[in-house]
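Each reported figure results from applying straightforward, stated rules to the coordinates on display, with no laboratory input. Owing to the predicted nature of the structure, the values given are computational and were not obtained by experimental measurement. Note that we place each Cβ from the backbone using ideal geometry, even for glycine, and neighbour counts take in every protein chain shown.
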Amino acid sequence: MPEHRIAEYRIAELRRRMADENIDLFIINDPDSIYYFANFWNYLGMEFGRATLATIPLDGDPVLIAPAMETEMASTLTSVARVEPWSDGDGREWLDPLVAEIEAACAKTVALEWDKTHPLVLRALSDALPTLKLIDASRLTSAMRMVKTADEISIMRQAGQVATAMGDAGRNAIGAGVPEYEVALAVNAAGTRKAAELLGSSPETHMMSPNIFNLQILQSGHHTCMVHGRPTTREIQHGDPVYLCFCGIANFRQFKLGFDRQYFVGSVSDEMARTYETTIAAQAAALAEIRPGAIAEDINAAAEEVYLSAGFGPSYRTGRGIGYSYLEEPQLKRGDRTPLQAGMTFAVDGGITVPGAYGSRVGDSIVVTETGYEQLTVSPSGLTLL
């Protein structure tokens with residue numbers, strides 16, 4: 001189905017849910033949600049003072065409010081028929097067209113994704129329209145994105161190929177004497193080339209960049225106890241563990257995956273080997289529980305049992321929903337009682353940190369199927385010496 005038709009279907013479904021909640025207008029500020037409902041991406045955001053918003057009224061046309069400098073790109077990419085530009089220093093800038101859309105819809109109850117809406121937008125709306133009822137309706141959009149369609153899963157499989165290409169290149173670049181940043185450069189180049197190959201020249205993707213972006217998580221040696229450290233000029237040494245995380249860079253066609261691998265250079269101590277094997281066992285225990293109807297926190301509990309039986313404490317959450325955002329619902333953690341459904345997608349991790357010494361981690365992305373799960377990041381994860 002063409003992208004603009006998919007967006008129309010999503011807007012229609014959101015309106016059905018809005019009607020059930022007596023919502024007159026939905027304002028969207030989160031870039032991932034704007035892409036989901038309006039097919040617009042790659043613009044500068046609130047960190048540059050550039051507000052882009054989508055308004056979806058219960059009745060009437062949705063509107064994309066964008067900086068005037070982005071009008072050409074917005075009109076080219078978006079599936080929304082009307083783009084309202086705003087300019088720096090002109091009146092109240094983006095607030096003027098936003099208030100105009102609220103008034104045109106005669107809206108009394110306006111919904112937002114509260115935690116994904118910039119505080120400046122919330123404050124400006126409250127000041128400009130003090131009697132307007134603003135509510136958090138994140139649960140509506142979250143529920144829509146929770147179960148992926150067959151087309152979305154197909155793209156996520158391609159994202160898995162990009163992640164795997166990066167992982168293979170990183171593994172092949174690791175060696176004694178190699179600086180960490182050189183491994184990261186190899187990862188970025190391989191991911192970009194694989195993404196370019198998959199994008200091809202399709203009219204629907206011709207404005208999407210294949211280039212891998214964001215700063216990779218990568219550590220070696222004792223730095224592996226610093227879970228989210230980035231590549232440095234440190235040279236990898238014989239006997240080092242080397243941890244590669246692709247969770248912030250495994251992106252393809254706006255889909256985000258989780259993927260982690262760890263390797264050992266030349267040799268591995270018995271202690272490190274036991275810790276790594278426990279990590280692998282914890283992830284395997286969690287994966288074995290994944291099926292429709294399973295409860296999210298029970299999957300986390302299966303991993304925690306492995307850690308505790310091996311003498312380690314509980315780790316961080318075992319997994320998170322993935323898709324259009326780095327973090328979606330549900331999460332595989334204590335307290336999340338969401339039953340899994342076929343079509344949900346997760347990053348499923350194993351992880352142990354020995355403070356001041358080293359870390360041990362693994363991670364994969366999966367889609368829940370009718371009988372269990374399908375792995376989207378297909379790559380060996382057993383203990384490997386390089």
Helical mean residue ellipticity (222 nm; -39500 (n - 2.57) per DSSP H run of 4+; nearest 500) of the chain: -11500 deg cm²/dmol
Farthest toward positive dipole pole in the chain [+1 Lys/Arg, -1 Asp/Glu at C-beta], among ALA169, GLY89, SER202: ALA169
Whole-number D in µm²/s for the range 77-161 (Stokes-Einstein; Kirkwood sum over Cα pairs; 10 °C, 1.306 mPa s): 101
Tensor-based shape of the range 207-266 (alpha-carbon gyration tensor, a/c under 1.5 rounded, otherwise prolate or oblate): prolate
Ordering of 153-159, 217-223 by burial proxy (mean other Cβ atoms within 10 Å per residue, highest first): 217-223, 153-159
Net charge over other residues, Cβ less than 15 angstrom from the Cβ of GLN262 (K, R count +1; D, E count -1): -4
Part-to-part distance (alpha-carbon centres) for the range 248-297 and the range 313-345, which is given in Å: 14
Neighbour-count order for TRP94, TRP41, fewest beta carbons within 10 angstrom listed first: TRP41, TRP94
All Cα pairs of the range 273-340, percent lying beyond 16 Å: 45
Potential extension, HIS206-GLU271 segment - 0.36 nm per residue separation minus Cα distance: 18.4 nm
Two-decimal log10 I(q)/I(0) for the chain, as the Debye equation yields it once each C-alpha is a single scatterer, q = 0.07, 0.14 Å⁻¹: -0.36, -1.19
At 1.306 mPa s and 10 °C, Stokes D of the range 246-386 from Kirkwood alpha-carbon radius, µm² per second: 104
Where the Cα pairs of the range 147-375 fall when distances are cut into 5 Å bins, in %: 1, 7, 15, 18, 18, 16, 13, 8, 3, 1, 0
Farthest positive-ward along the chain dipole, Cα basis, beta-carbon charges - from VAL362, THR131, PHE312: PHE312
Largest-first principal axis extents, alpha carbons of the range 1-131, Å: 39, 35, 26
Rg in Å to one decimal, and Dmax rounded to a whole Å, for the range 99-257 via C-alpha atoms: 21.7, 68
Cα-centre dipole for the chain with unit charges at Cβ (Lys and Arg positive, Asp and Glu negative), debye to 20: 520
Antiparallel DSSP beta bridges within the chain, percent to nearest 5: 75
Helix 95-104 vs. the chain, principal-axis angle (Cα, 0 to 90°, nearest 10): 60
Cβ-defined net charge surrounding ILE236, 13 Å radius [Lys, Arg +1; Asp, Glu -1]: -2
